[in-house]
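Report on the following structure.
The values are calculated or read from the model by the stated rules, or taken from the named source; none is laboratory data. What you see is a predicted model; the values in this text were computed from it and never measured. Quick reminder, even Gly has a Cβ in these numbers, built from the backbone with ideal geometry, and neighbours come from all protein chains shown. These area figures cover heavy atoms from the full protein model, side chains too; ligands, DNA and RNA do not enter into them. Shrake-Rupley method; radii C 1.70, N 1.55, O 1.52, S 1.80 Å.
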Amino acid sequence: MYELELTEVTKTFKNKTAVQNVSVCLSHGVYGLLGENGAGKTTLMRMLCGILKPTQGMIRCDGMPILQMGGEYRRLLGYLPQDLGYYGDFSALRFLNYMAALKALPEEYARTRIDELLEMVDLSGVKKNKLKTFSGGMLRRVGIAQALLNDPEILVLDEPTSGLDPGERVRFRNIISSLGKNRLVILSTHIVSDVEYIADKIMIMKDGQIMQIGDEAQILKQAEGCVWSCIVSEREAEELGRQYVISNLRNQGNQVQLRIVSADKPVENAAPVEVTLEDAYLYFTKKKYTLPDS
C-alpha cells in the first residue's frame, strides 16, 4: 500500500489561487473530494497526477517527492480526467490497445488485461464498436478501463459520474467501491451521493482549501445541531431564504416546510433534525440558494 502526503500545497495561476495551503495524508481506501465547481478539485487532482507542479509545497509518495520519481510514479498511477480525450473512429478495443502502447505495457500482458477490464466494465459485447456510438456512461466505463490498464496502486478519478443517468451512476459507484479495497482511490465530485455511499474518508473543499476531512460519521458530528425544520408562510420562507442556507423546501398548501442549515435557531418554531451529508456539505461551504419567486 502506498501513501500520498501533501504538505502546504498551493497552486496559483497569475492572480488566482486555485489551491491554497493543502496539507493532508492519504493512504489506502476511497477518498471522496467533495466541492462545488470552481472549488479547486481538478487543479488538486492534476497536481496529484504530476501534470501540474505546485507553486508552493510538496507532494510525496511514501516519502519521495513525486516530481523526482518520474516514470516510477506514473507506473503506480491511474488517472481518469474529467474530459477523456478519445478518437471517435476508434473501437473500444483499439483505444485500449492504443493506451496500453502509450503506457509501454507488454503486448501479451496488455491483451489479457484489456479482456479482463472490458469484462469488468461490461463492454465485452461492444468492444469492436466505434467510440462515437457510445453513450456517456459507456465512455466513462472505457475511461475507467484505460485508467486501470497498468493495475495502478493509486487511482485518481476526476468527476467520474458527471453527466451520467442514475442507473449508470450506481453502476460506476459499485465499480469504484470494489477498486478501493486494495488501492488508494481519490474521487472528486460535486455530487454528494457519489461519496456518501462509497467513500471511506470525505474531504470537503471550498475556495481551494480543505474545510473538513474525516469519515461520514465524523463529518456529520461536526454539523450536529445545525439543521432545522420549520413550517412558515410563503412570505416568511422568502425572507428566511435571504438570511439562511435552505437545503430543502416543500410546499404545503399556503405554507412552506423548510429545512434550514444554520448554527443558530432560525425561527421560534424551528425544531432540530438529523443531519445528512448534504446538510453538512452546505454547512461547511455556506452555499446559499436563492428561493424562486412565488
Per the filter on the range 1-21, residues among the aromatic types (Phe, Trp, Tyr) and part of a loop (DSSP other than H, G, I, E, B) are Tyr2
The residue that is modelled with the highest pLDDT, considering only those in the range 128-158 that are surrounded by fewer than 20 Cβ atoms within 10 Å (Cβ to Cβ), assigned to a loop (DSSP other than H, G, I, E, B) and of a type in the set (S, T, N, Q), is Asn129
Checking Gln212, Gln218, Gln222 in turn, the sole residue that is crowded, with 18+ Cβ neighbours inside 10 Å, over 13 Å from the mean Cα position of the chain (by Cα) and within 27 Å of Tyr31 (Cβ to Cβ) turns out to be Gln212
Note to self: I'd like to know if the range 80-88 contains one or more residues that are touching a residue at least 24 places away in the same chain (Cβ under 8 Å) and over 24 Å from Cys49 (Cα atoms).
What the structure shows: yes
Residue pairs qualifying under the 6 Å Cβ cut-off, at least six apart or on distinct chains, with the first in the range 189-209 being under 8 Å from Gly32 (Cα atoms) and the second being modelled with pLDDT of 90 or more and assigned to a loop (DSSP other than H, G, I, E, B), are Lys201/Asp215
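Can you spot a residue in the range 72-84 that is under 24 Å from Met211 (Cα atoms) and among the hydroxyl-bearing types (Ser, Thr, Tyr)? Let's see the steps before the verdict.
Filtering the range 72-84 down to residues under 24 Å from Met211 (Cα atoms) leaves 81-82.
From what's left, among the hydroxyl-bearing types (Ser, Thr, Tyr): none.
No, the range 72-84 contains no residue that is under 24 Å from Met211 (Cα atoms) and among the hydroxyl-bearing types (Ser, Thr, Tyr).
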Checking Ser229, Ser162, Ser193 in turn, the sole residue that is under 21 Å from Tyr281 (Cα atoms), at pLDDT 95 or above and surrounded by fewer than 21 Cβ atoms within 10 Å (Cβ to Cβ) turns out to be Ser229
Screening Gln255, Gln222, Gln243 for residues that are farther than 20 Å from Ala39 by Cα, touching a Ser or Thr at 6+ places or on another chain (Cβ under 7 Å) and modelled with pLDDT under 95 leaves only Gln255
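Does Arg60 satisfy the criteria of being touching a Leu at 6+ places or on another chain (Cβ under 8 Å), in contact (Cβ under 8 Å) with a residue 40 or more places away in the chain and among the charged types (D, E, K, R)?
Details: touching a Leu at 6+ places or on another chain (Cβ under 8 Å): yes; in contact (Cβ under 8 Å) with a residue 40 or more places away in the chain: yes; among the charged types (D, E, K, R): yes.
Considered against the rule, which asks whether it is touching a Leu at 6+ places or on another chain (Cβ under 8 Å), in contact (Cβ under 8 Å) with a residue 40 or more places away in the chain and among the charged types (D, E, K, R), Arg60 comes out as yes.
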Checked pairs for the range 265-284, first closer than 20 Å to Val232 by Cβ, second among the β-branched types (Val, Ile, Thr) and open to solvent by less than 50 Å² (accessible area, probe 1.4 Å), C-beta under 6 Å and 6 or more apart or across chains, list as Pro266/Ile260; Val273/Val227; Asp279/Val227; Asp279/Val261; Leu282/Val245; Leu282/Val261
Selection over the range 272-294 where residues are assigned to a loop (DSSP other than H, G, I, E, B) and either modelled with pLDDT of 90 or more or not aliphatic (A, V, I, L, M) (or both) yields a count of 12
Being on the phi > 0 side of the Ramachandran plot and acidic (Asp, Glu) narrows Asp115, Asp83, Asp62 down to just Asp62
>> Quick check on Gly125: is it over 30 Å from Thr7 (Cβ atoms), without any contact (Cβ under 8 Å) to a residue 24 or more places away in the chain and either out of contact with any strand residue (DSSP E or B) (no Cβ under 6 Å at 6 or more places or on another chain) or surrounded by 15 or more Cβ atoms within 10 Å (Cβ to Cβ) (or both)?
In response: yes
Per the filter on the range 4-22, residues without any contact (Cβ under 8 Å) to a residue 60 or more places away in the chain and either out of contact with any Ser or Thr (no Cβ under 9 Å at 6 or more places or on another chain) or open to solvent by 70 Å² or more (accessible area, probe 1.4 Å) (or both) are Glu5, Glu8, Phe13, Lys14, Asn15, Lys16
For the range 100-131, the count of residues that are within 20 Å of Gly167 (Cβ to Cβ), hydrophobic (A, V, I, L, M, F, W, C) and under 27 Å from the mean Cα position of the chain (by Cα) equals 4
